[in-house]
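Below: the structure, in structure tokens.
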Ligand SMILES: *Cc1c(COP(=O)(O)O)cnc(C)c1O
């Protein structure tokens with residue numbers, strides 16, 4: 001009798017496992033990201049006593065390192081749970097049932113966080129932004145000014161919207177709060193920016209910052225981090241939302257152990273190595289490398305599209321008009337993302353067909369268009385453990401897939417990327 005293939009193995013073959021067995025799998029989604037061998041190696045470790053001083057020292061080192069990267073001297077918690085867990089923890093610790101939150105809508109992840117808040121019983125008002133540029137600080141300021149009774153208790157802002165490749169100006173959002181004297185908490189989702197794009201929690205007056213382990217931190221999925229300001233912590237003691245696992249106060253009080261139950265020892269060992277790698281390269285150098293890679297990717301896309309722009313609008317409803325050539329989704333050069341580039345494909349072409357060819361023929365995984373952008377957009381992630389040969393390989397292979405898929409483009413995007421890398 002032939003051996004039975006478990007159903008999950010079959011699913012893995014079509015979705016995750018490359019059909020082409022030679023060479024390395026090139027993973028260029030915007031998260032998860034490549035895990036460095038030394039991070040994988042750090043997790044290959046015998047069981048440790050999670051209450052022993054040797055381990056608690058490591059845990060403290062990880063916490064301190066992440067706080068340095070986050071630019072905060074306030075509180076930090078890690079959760080065994082992905083970014084969605086930190087999303088939920090932030091909401092239930094900061095707000096009481098029925099309170100009003102203002103969600104800045106700039107893309108799929110912003111919508112997701114807002115929806116979670118609704119599902120948890122908060123009253124969520126949306127401030128719609130242009131998906132090609134993000135929410136305007138002036139619009140936020142106007143809305144806060146109109147809230148004369150202070151009904152809005154929190155502002156939910158995604159820093160780097162991974163679905164669109166747009167970075168929102170958190171420091172300007174803080175100014176909008178300060179200039180209107182509004183007391184709402186400012187909560188930031190930095191899941192795909194932390195570790196890749198500059199973010200200063202304390203200097204920018206962010207009350208809560210959430211991120212995950214599997215993006216800029218180059219770690220396995222399953223951990224998240226939360227920076228908590230003194231103001232947010234004080235608030236969390238007063239709110240009436242029931243909390244169990246996610247309750248901040250007892251976790252902080254249990255320092256240095258800080259987990260309800262067994263600590264995720266191996267993931268903390270992995271994070272320790274991630275933080276070490278980032279600080280060995282130099283955090284400033286890591287950010288500069290992402291800037292170069294973002295610029296190179298955008299240069300390739302602009303070249304493919306003949307340096308043209310459709311001028312169409314994009315919102316939660318999707319695309320508003322015809323697109324004739326490939327183009328970078330983000331149209332504000334001061335808000336382009338250095339960790340992910342979203343690319344709009346010309347009318348009559350399917351972004352998923354390009355991804356499919358890249359994956360099955362060439363072993364290159366690209367990100368899909370999310371929500372209303374499905375089929376109209378594909379994404380190149382350029383964050384985490386990457387170097388120039390990897391990025392240029394991915395861009396060259398994307399061009400190969402564009403040619404195979406019959407998508408019109410100007411050949412030579414890699415030459416444009418090389419010029420950008422050389423600062424030409
Ligand atoms: C990846 C991502 C999330 C979700 O994180 P998970 O770890 O998958 O739960 C949320 N927001 C942004 C901006 C992201 O990039």
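Values quoted throughout were computed directly from the atomic coordinates according to the rules given, and no laboratory measurement underlies them. Quick caveat, the model's predicted, so the values are computed rather than measured. Here Cβ is always computed from backbone atoms with ideal geometry, including for glycine, and neighbour counts include all displayed protein chains.
Based on the Cα atoms of the range 37-279, what semi-axes does the equivalent ellipsoid have, where each is the square root of 5 times one gyration tensor eigenvalue, given in whole Å with the largest first?
Numbers: eigenvalues 193, 75, 44 Å².
Whole-Å semi-axes of the equivalent ellipsoid: 31, 19, 15.
What separates the Cα centres of the range 247-272 and the range 273-352 is a distance of 36 Å.
Here residue 120 and residue 249 are evaluated by their C-beta separation; at R0 = 25 Å the FRET efficiency comes out at 0.85.
Equivalent ellipsoid semi-axes for the range 247-320, as square roots of 5 times the alpha carbon gyration tensor eigenvalues: give them largest first, rounded to whole Å. Walk me through the intermediate numbers first.
Details: eigenvalues 353, 99, 20 Å².
Whole-Å semi-axes of the equivalent ellipsoid: 42, 22, 10.
Taking every C-alpha pair closer than 8 Å and separated by at least 6 residues, the mean separation divided by the residue count of the chain gives a relative contact order of 22 percent. Once the Kirkwood radius over Cα pairs is known for the range 141-189, the Stokes-Einstein relation at 25 °C and 0.890 mPa s delivers a diffusion coefficient of 216 µm²/s. Take the Cα of residue 202, step 7 Å toward its Cβ, do the same at residue 178, and the gap between the two points is 1.5 nm. For the modelled label position 7 Å from the Cα of residue 283 along Cα-to-Cβ, which residues of the range 57-94 have backbone nitrogen atoms closer than 17 Å? Answer for this model: 60-78. Ordered from longest to shortest, the equivalent ellipsoid semi-axes for the chain are 34, 28, 20 Å, each the square root of 5 times a Cα gyration tensor eigenvalue.
Taking the convex hull of the Cα atoms, report for the range 170-291 its projected area averaged over all directions, in nm². Kindly include the intermediate steps, with their values, before the conclusion.
Details: hull surface 35.1 nm².
One quarter of the hull surface, i.e. the mean projection, equals 8.8 nm².
Subtracting the Cα-Cα distance from 0.36 nm times the residue separation, let me have the gained length for residue 421 to residue 49 in nm, one decimal. The partial results should precede the final answer.
Numbers: separation 372, 0.36 × 372 = 133.92 nm, distance 4.62 nm.
Gain in length upon complete extension: 129.3 nm.
In plain terms, the residue of 293, 246, 283 with the fewest other Cβ atoms within 10 Å comes first and the most crowded comes last, giving 283, 246, 293.
Quick one: order 141, 237 by neighbouring beta-carbon count within 10 Å, fewest to most.
Values: 141 19, 237 9.
Ranked by crowding around the Cβ, least crowded first: 237, 141.
Gain in length, residue 262 to residue 234, computed as 0.36 nm per residue apart minus the alpha-carbon separation, to one decimal in nm? Value of the extension gain: 7.4 nm. For the pair residue 25 and residue 146, a Förster radius of 60 Å applied to the C-beta separation gives a FRET efficiency near 0.75, rounded to the nearest 0.05. Taken over the Cα atoms of the range 282-421, the convex hull encloses 105 Å³ per residue.
Contour minus end-to-end for residue 360 and residue 374, with contour as 0.36 nm per residue of separation and end-to-end as the Cα-Cα distance? It would help to have the intermediate numbers written out before the result.
Working: separation 14, 0.36 × 14 = 5.04 nm, distance 1.92 nm.
Fully extending the segment from residue 360 to residue 374 adds 3.1 nm.
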